[in-house]
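Working notes, structure below.
The numbers here are math on the coordinates, done by the rules we state, and not lab data. What you see is a predicted model; the values in this text were computed from it and never measured. All Cβ positions, glycine included, derive from the backbone under ideal geometry; neighbour counts span all protein chains shown.
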């Protein structure tokens, strides 16, 4: 059962990310094209390109050729990943807690022919409801630059389980976390979501790996980016 503190953080997360309509700071954090760090269009496009390259690495180490029909991105932000993967998958579902952010995704891919993008708006404190329509539906699950903003470790573990449930058998996934290497900046936080949301939740590498394996994922590879304390887990179901 979730604690009152956890529920409060979930509500705080929902409120904060829905401020993207007015706040350029939140727009920048959500990777909106042309805003803040993403005024340089090449930087914005490279977000998606780098994730696509990582997916290609996953393809190379898999013991089978993955299907590439349906994809879901959890927390798609301004849509750079969706734009990049639109030439690989026929249909992509974007799951987010901000309607304004989902509108950004729609704008990025609306002119692409023979491609279907489905925005799915969820409540921050009820992510499990997405399973109602998509159990075992997707070939690929992607979530990057999102888990560090989650309101708790328990919430992140819940999303891991949801990711597993959404995937078909032999489905694949890339999940990125901020890893805790005893640097005080990246310890998981317990209070003050609004002030600390940029690096609120982190895991030890082994800790997160064990949770994924407990759920049933096969961890094919882990890629570490020490300059940002990012860990990318390349997975299959």
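This structure gives semi-axes √(5λ) of the Cα gyration tensor in Å, computed directly, and of [x] 35, 18, 15; [y] 38, 22, 17; [z] 24, 22, 18 that value is listed as [z]. Centre-to-centre, using Cα atoms only, the stretch 9-71 and the stretch 166-237 are separated by 16 Å.
Kindly state, to the nearest 0.05, the FRET efficiency for residue 205 paired with residue 42, given R0 = 41 Å and r defined as their beta-carbon distance.
Result of the calculation: an efficiency of 0.85.
Full extension of the segment from residue 223 to residue 194, taken as 0.36 nm per residue of separation minus the current Cα-Cα distance, would add 7.5 nm.
The calculated pair-distance distribution of the stretch 106-195 uses every alpha carbon pair, bins of 5 angstrom beginning at 0, and gives 3, 11, 18, 21, 19, 14, 9, 5, 2, 0 percent. Hey, with R₀ at 30 Å, roughly what FRET efficiency would residue 11 and residue 187 work out to, going by the Cβ-Cβ distance, to 0.05? For R0 = 30 Å, the calculated efficiency reads 0.85.
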